[in-house]
Amino acid sequence: MTAESITIRRLKEAFGSHIRETHAYRGDDTVVIDREALVNVATLLKQDADLEYSFLIDITAVDYLKTDKAPRFEVVYHFFSLPHKQRVRIKVPLAADDLEIDSLVPLWPGANWYEREVYDMFGVRFRGHPNLKRILLYEEFEGHPLRKDYPYNKRQPIVKPGGNI
Amino acid sequence: MGLGNLSIGGMITTRLDKAIGWAQKFSIFQYPFITACCGMEYMAVACSHYDIDRFGAGLPRFSPRQSDVLMVVGTISHKQAPILKKIYDQMCEPKWVVAFGVCTCTGGFYDNYATVQGIDTIIPVDVYIPGCPPRPETVLDGLIKLQKKIAGEAVAPANAGATSTSMDV
Amino acid sequence: MIVEKAIKTQPMVIQLGPSHPAMHGTIKIVVELDGEVVTRADVEIGYLHRAFEKHCEEGTYFQAIPYTDRLNYVSPMICNFGYGMGVEKLLGIQVTERCEFIRLIMSEISRVSDHLTSVGASAMELGAMTAFLYMIKAREFFWELIEAACGARVTVAFVRIGGVKADLPEGFGEKARRAISEVRQTLKEVDGLLTKNPIFTDRMQGVGAITTADAVSYGFTGPLLRACGVNYDVRKYQPYHVYDRLNFDVPTGSNGDNYDRYLVRMQEIEQSLRLIEQALAKIPPGPINVDLEGRVMAASEMTDRGKLGDTQGLTDYRAFLSPNLQGMEKSRYQLNNTTDKNVALPPKESVYTSIEGLMNHFKLVMLGHGIRPPQGEVYSAVEGANGEFGFYMVSDGSDRPYRVHVRAPCFPLMAALHRMIEGGMVADIVPTFGSINMIGGELDR
Ligand code: SF4
């Protein structure tokens, strides 16, 4: 592996014990952190003069049920720094029985909808989110379709007009 | 329709049906219920190159109460289904429904938890236009089929019930 | 004085959509009005959720390609290439130079048709039907090019992992140049109709504005961010294809309002046309066909002759397969697809004529075989018509993607829609919404 990027080095210096793993597979800087550190890591990424990750590009999650990876879920954040032309991926593992993580809405208002989507599709709850409800699906929908144990063609009854839509 | 008392002699009603059918088929007021990719081809059909106006169907009406053909263009998801049903219910008789694109015909290749497997599970359909998306030529073909159907339909009460359940194509 | 006292307004809640005349695509906006001023807006999406991400997990890497067409269905080629590049990054393979050029040309053609549609539609929403008709007319010229290259108008499925479906057809360059001049002409007309038209400028200037800081914190990209004055463009910042070898500018605005978005889009069309012209001039040439001393015959003619029983000397000829619809010759194939046998489907010519080719094909398309990227995860982004179009992919080493997530450029834009319409007039909702150019397919996936 080539030399570590400045982002990974800076995060290691600041949060050594909370960093579980780092890699740069195919050139994508990736840092796996404990969920307690998420807000602090994000704040550092946003404010540090050498990093300046002002864009929260994306939030998503992965369900690792069908692999031997533990814990089962991972919430994935992508950040982009305009002045340094850098990207970084932050991953936070979450156990299936404790699907809660801090919301990033106070730092980036754009996180609002992304987090709602992750909640809708995976059932991850975001602490401190102002309006955590389904976004792509409807309230009557049961379950979280992107979990690996939800069959792709399991249909649910169509809501009658006048329902809560 | 208020034509009940006219239907004394067969002759008058058949003539009248013909005349009304002929007039109706060239004054299609469509409600485009556009949701997805098929809308792009719908735009193409409506604009200069293919010009749907040649068939008297150029004027979209965005109020269900003023329109007589419901064009369902694009995938209908479970979240969308109640809205489609509501709009169909709001339209006045006589009304026809065109399923535009394979998603509306059968669900297309979206065989999944979120997509309705064909709008005929919710509302009756008169003409199916397959294709993903259908080429403009296919759309025009479907439109001509619909016109034939409209022209051939009886307005007199004896047959009025048959309007929206039979299927063409 | 008396009149002012008499007219009192009460806050009123109304619902725009989900099926609304000016909403091309379905969303619902619940607005709270004070008179005609929007005090609060609540945007609801999800009406076109079609489980794209779930479908990707169900099929093989090839089978996801048609689904990517239907993400941004106004510029499907760009989504195609974004997906292809993502898988290629997972595999760590490089596509050929000619392929990069073809991808670039097709991306720019798609971008232009997207912008044409978007500008035309937002003009129509202000009542300028003429501009819409002109723009769609111009778009039709480009769609004919797309059709010539891949056989479909909208749902193209043009990308192959490690290449593209086919080489550009003969005479493409000439056709493209003609289409470009037609589009330029139309742009001039539309520019004359709109840019200085007081009705248009009054409705657009200062409407739907958002500050640069807000735009960044919501994660805006694409024309809307550039209208705020930030020149972020993936094509410049992290060049892919061969964008770094061609000249183009990134137009920016300054006010971040609807009018600047319109101007940015209009200028981007011109830049894209420039890019297409340069790429057409620079695309590396390649051998077109093996010359068998003139003994080449169109495949259709050969079958016709055979059917008529006119088989005399037919075996001396070789069937010429068109590069697009019937198959692809090896010589052309190797120009725009990788040589990696584990990834790219072999040329049709080999599949039909040699056992190796057939086996190679079989191994790639049969379930349980297919292409198998090593375990890992990547994020790869392209500049879509609405902004950064990213694919996050996880591979578990099998022949199916373990997870595919799309970072859709519309999503953050729609998340901030309420910020752009609150405080404005209710009549301005529609043009602002039009300026976002929401595409349901990529928004709801
Ligand atoms: S039929 Fe095809 S093009 Fe039409 S909406 Fe469905 S997926 Fe899109």
message: Can you tell me which of (1) aliphatic (A, V, I, L, M); (2) within 13 Å of chain C (Cβ to nearest Cβ); (3) part of a strand (DSSP E or B) is the one A:Ile101 doesn't meet?
response: (2)
query: Which residues, taken from region A:125-152, are more than 16 Å from C:Ala415 (Cβ to Cβ), facing chain C (nearest Cβ under 9 Å), more than 16 Å from the chain's Cα centre (by Cα) and not aromatic (Phe, Trp, Tyr)?
result: A:Leu137, A:Pro145, A:Lys148
message: Just checking, does region C:350-370 include any residue being within 26 Å of C:Ile93 (Cβ to Cβ), outside any loop (DSSP other than H, G, I, E, B), within 13 Å of chain A (Cβ to nearest Cβ) and charged (D, E, K, R)?
response: no
- line: All conditions in (1) at pLDDT 85 or above; (2) surrounded by 24 or more Cβ atoms within 10 Å (Cβ to Cβ) are true of C:Ala149 except (1)
query: Which ones in region A:69-99 are among the charged types (D, E, K, R) and more than 11 Å from the chain's Cα centre (by Cα)?
result: A:Lys69, A:Arg72, A:Lys85, A:Arg87, A:Asp97, A:Asp98
A:Phe122 being on the phi < 0 side of the Ramachandran plot, touching a Lys or Arg at 6+ places or on another chain (Cβ under 8 Å) and either more than 8 Å from every other protein chain (Cβ to nearest Cβ) or surrounded by 17 or more Cβ atoms within 10 Å (Cβ to Cβ) (or both): yes
query: Is one or more of the residues making up region B:33-41 away from the ligand (no atom under 16 Å from the Cβ) and within 28 Å of C:Pro76 (Cβ to Cβ)?
result: no
- prompt: Taking A:Val31, is it assigned to a strand (DSSP E or B), more than 10 Å from chain C (Cβ to nearest Cβ) and over 30 Å from C:Glu58 (Cβ atoms)?
  reply: yes
field: Sole exception among (1) within 19 Å of C:Thr26 (Cα to Cα); (2) within 13 Å of chain C (Cβ to nearest Cβ); (3) in contact (Cβ under 8 Å) with a residue 24 or more places away in the chain for B:Ile83, by number
entry: (3)
message: Given the criteria in a loop (DSSP other than H, G, I, E, B), more than 11 Å from the ligand (Cβ to nearest atom) and buried (at least 18 other Cβ atoms within 10 Å of the Cβ), does B:Val139 qualify?
response: no
task: Tell me, yes or no, whether region C:98-111 has at least one residue that is buried (at least 24 other Cβ atoms within 10 Å of the Cβ) and within 16 Å of the ligand (Cβ to nearest atom).
output: yes
message: Filter region C:39-94 down to the residues that are under 30 Å from C:Phe362 (Cβ atoms), among the hydroxyl-bearing types (Ser, Thr, Tyr) and away from the ligand (no atom under 13 Å from the Cβ) and list them by number.
response: C:Thr60, C:Tyr61, C:Tyr83
- prompt: Tell me, which helices (runs of 4 or more DSSP H) wholly within region C:129-229 include 3 or more residues that are over 19 Å from C:Ser110 (Cα atoms), within 16 Å of the ligand (Cβ to nearest atom) and touching a strand residue (DSSP E or B) at 6+ places or on another chain (Cβ under 9 Å)?
  reply: none
- prompt: Got at least one residue in region B:31-40 being touching a Lys or Arg at 6+ places or on another chain (Cβ under 7 Å) and modelled with pLDDT of 75 or more?
  reply: yes
Output for region B:108-122, where each listed residue is surrounded by fewer than 18 Cβ atoms within 10 Å (Cβ to Cβ) and within 13 Å of the ligand (Cβ to nearest atom): B:Phe109, B:Asp111, B:Gln117
Single unsatisfied condition, B:Val125 versus (1) assigned to a loop (DSSP other than H, G, I, E, B); (2) away from the ligand (no atom under 16 Å from the Cβ); (3) β-branched (Val, Ile, Thr): (2)
- request: Consider C:Ala121 carefully, then state whether it is surrounded by fewer than 22 Cβ atoms within 10 Å (Cβ to Cβ), away from the ligand (no atom under 16 Å from the Cβ), in a helix (DSSP H, G or I) and more than 14 Å from chain B (Cβ to nearest Cβ).
  value: no
- request: Examine region C:403-416 for a residue that is among the aliphatic types (A, V, I, L, M), away from chain A (no Cβ under 11 Å), crowded, with 22+ Cβ neighbours inside 10 Å and at negative phi, and state whether such a residue exists.
  value: no
task: Output yes when any residue across region B:94-107 is surrounded by fewer than 20 Cβ atoms within 10 Å (Cβ to Cβ), within 13 Å of chain C (Cβ to nearest Cβ) and closer than 20 Å to A:Gln156 by Cα, and no when none is.
output: yes
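The values are calculated or read from the model by the stated rules, or taken from the named source; none is laboratory data. Since we're looking at a predicted model, the values are computed, not measured. Cβ: placed from backbone, ideal geometry, glycine included. Neighbour counts: every protein chain shown.
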